[in-house]
Amino acid sequence: MKTTDIRVRSAALYFLPVTMRVPLKFGAETLTSITCARVRVVVEDQSGATADGWGETPLSVGWVWPSALPYDQRHEALKTFCTYLAKAWAHYSESGHPIEIGNAFEEDMLRSQLDTFNHERAGREPMPWLAALVCSSPFDLAMHDAYGNLLQRPTYETYTAEFMNHDLAHWLRPADGSEVSFAGKYPCDYLQQPARAVLPAWHLVGGKDPIDASELDGSEPRDGYPVLLSDWITRDGLTCLKIKLRGNDSEWDYARTVKVGQTAEARQVRWLSVDFNCTVHDPEYVTAILDRLMLEQPAIYGTILYVEQPFPYDLEKHQIDVHSVSARKPLFMDESAHDWHMIRLGRSLGWSGVALKTCKTQTGALQSLCWAKAHGMTLMVQDLTNPMLAQIPHVLLAAHAGTIMGVETNSMQFYPEASKAEAAVHAGLYQRRNGALDLSSIRGAGFGYRISEIKRVLPEPVVVCE
């Protein structure tokens with residue numbers, strides 16, 4: 001036990017609804033609005049000193065819970081589960097470093113809370129584990145922020161032996177047959193220091209996004225923000241584009257990739273990635289598209305930096321050998337990468353990279369980062385269309401992770417006005433300039449939110465638990 005050990009003393013939960021200016025297609029579902037869960041926690045150390053911290057995550061229903069169940073039912077279930085977790089976090093008595101508490105909460109409480117919640121919903125489709133992680137993440141993020149605030153240090157400076165009671169070997173187990181050891185290793189040993197102050201920004205080309213004027217139908221917003229891909233590239237100086245594909249229509253996916261690729265090539269965009277959003281079941285679907293691109297569009301093929309999560313996210317249920325895909329291009333786990341255990345399984349099946357997300361908890365993202373880096377896997381940090389406060393831990397993770405190329409960031413495409421209060425303090429985080437984000441405004445203790453300077457008027461909390 002260390003004198004810097006903390007426990008969570010209270011939690012307050014807020015819901016912030018956000019409407020999208022243009023629809024965002026996730027797999028088979030199209031989103032037009034989202035609810036962000038914002039959390040404030042108070043932590044207490046061994047001497048009784050306290051500090052508060054903040055966390056925020058979009059409750060991205062289509063991403064965390066793909067289903068034929070009506071959207072509103074899943075949306076309300078996520079919000080209700082967040083209120084359950086507010087009570088669970090506030091009454092959780094575990095003390096230690098935030099990584100130690102976060103790991104223990106996931107093992108001791110989150111699974112049992114999900115089981116109880118799903119039992120109460122007997123007869124209805126159970127909420128999946130990924131949804132539970134996302135609901136828990138703003139509480140976990142707020143705890144990490146509060147810890148840094150209590151110590152008056154940036155949170156990323158606290159992932160060391162000075163503050164942690166256990167090394168990584170306490171949780172992480174190397175892959176079978178590897179020579180990796182986590183004994184005496186801490187997260188700081190796998191983080192990039194100094195962190196990047198400027199990050200190349202990936203723009204999302206959604207399945208509903210018009211590429212050129214021929215795709216306009218007159219329903220597009222006239223709000224001063226770009227609509228066409230070419231206008232986004234010109235305005236923001238973009239150099240990296242992520243293409244959302246269907247995964248169940250190979251001709252459409254191929255044609256879409258070529259069309260975006262030709263637009264990119266004409267405007268000196270350097271890199272592409274393709275994201276199938278868990279809709280593919282046979283690696284041949286992906287390899288056929290890649291091979292066709294290589295033969296018919298070699299320049300476009302050459303700009304594809306990686307392929308993201310083509311296959312179902314339940315990796316234990318769908319243990320597909322994907323070596324044929326990763327032999328062609330780096331293949332990144334996203335929805336499947338719940339934690340380091342799943343990354344360990346994914347690596348054995350042929351996945352070569354990991355897309356980290358703070359929405360699966362800061363604790364889990366750091367453990368996954370360390371496990372993946374130790375085993376030579378490539379990293380990326382992917383967006384959940386993070387607005388407002390959610391953007392800041394997201395880009396901080398990318399700045400410290402040492403990604404294959406910058407960070408995905410697209411909230412400015414889908415709801416730019418939502419972050420106006422935060423952008424007044426952190427202008428470089430909510431608008432991409434010269435194809436990049438500028439993180440220089442992030443400073444101070446915790447996650448460097450500079451929360452007192454942000455003139456955000458919050459609604460009344462949904463629940464306050466002490």
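Values in this text are rule-based calculations from the coordinates and carry no lab data. None of the values given here were measured: they were computed from a predicted structure. Cβ: placed from backbone, ideal geometry, glycine included. Neighbour counts: every protein chain shown.
Remarks
- With Cα atoms, 0 to 90° folded angle of helix 111-120 axis to the chain main axis: 80 degrees
- Label-point separation in nm, HIS318 to ALA183, each point 7 Å along Cα→Cβ: 4.0 nm
- The charge dipole of the range 187-447, taken about its Cα centre with unit charges on the Cβ atoms of Lys, Arg (+1), Asp and Glu (-1) only, comes to about 800 debye.
- Whichever aspartates and glutamates have a C-alpha closer than 20 Å to that of LYS185, once near sequence neighbours (fewer than 8 apart) are set aside: ASP5, GLU100, GLU157, GLU162, ASP167, ASP176, ASP339
- Per DSSP, loop trypsin sites (Lys or Arg not before Pro) in the range 41-115 with at most 11 further Cβ within 10 Å: none
- Think of the chain as having a plus end and a minus end, set by charges on the Cβ of Lys, Arg, Asp and Glu; of LEU331, ALA423, SER47, ALA423 sits farthest toward the positive end of this dipole.
- Whole-number percent relative contact order across the range 258-320, with pairs defined as alpha carbons under 8 Å at least 6 apart: 46 percent
- Derived scalar couplings ³J(HN,Hα) [the range 398-412; Karplus, 6.51 cos²θ - 1.76 cosθ + 1.60; whole Hz; x for Gly, Pro]: 5, 5, 9, 7, x, 6, 5, 5, x, 8, 7, 8, 9, 4, 5
- Dimensionless Rg ratio for the range 1-92, taking C-alpha atoms and the 2.2 N^0.38 Å reference: 1.38
- When you restrict to C-alpha pairs under 8 Å that are six or more residues apart and normalise by the size of the range 354-430, the relative contact order lands at 29 percent.
- In the chain, helices alone account for a calculated mean residue ellipticity at 222 nm of -10000 deg cm²/dmol, with every DSSP H run of four or more residues adding -39,500 (n - 2.57).
- Sparsely packed loop sites in the range 290-381 (the GluC sites (Glu not before Pro) outside DSSP H, G, I, E and B with at most 15 other Cβ atoms within 10 Å) comprise GLU316.
- Radius of gyration and maximum dimension Dmax of the range 350-450, Cα, Å: 13.7, 44
- Cα gyration tensor, the range 195-282 - rounded (a/c under 1.5), prolate or oblate: oblate
- Along its principal axes, the range 187-447 has C-alpha extents of 49, 47, 28 angstrom, given from the largest down.
- For the range 386-400 and the range 145-221, distance of Cα centres in Å: 9 Å
- Cα centroids of the range 285-313 and the range 424-466: 36 Å apart.
- Alpha-carbon gyration tensor eigenvalues x 5, square-rooted, for the range 6-165, Å: 30, 18, 13
- Gyration tensor (alpha-carbon) shape descriptor, the range 93-182, a/c threshold 1.5: oblate
- Links that overshoot a 30 Å alpha carbon limit, given the list LYS242/LYS317; LYS259/LYS373; LYS244/LYS360; LYS360/LYS420; LYS360/LYS455: LYS259/LYS373
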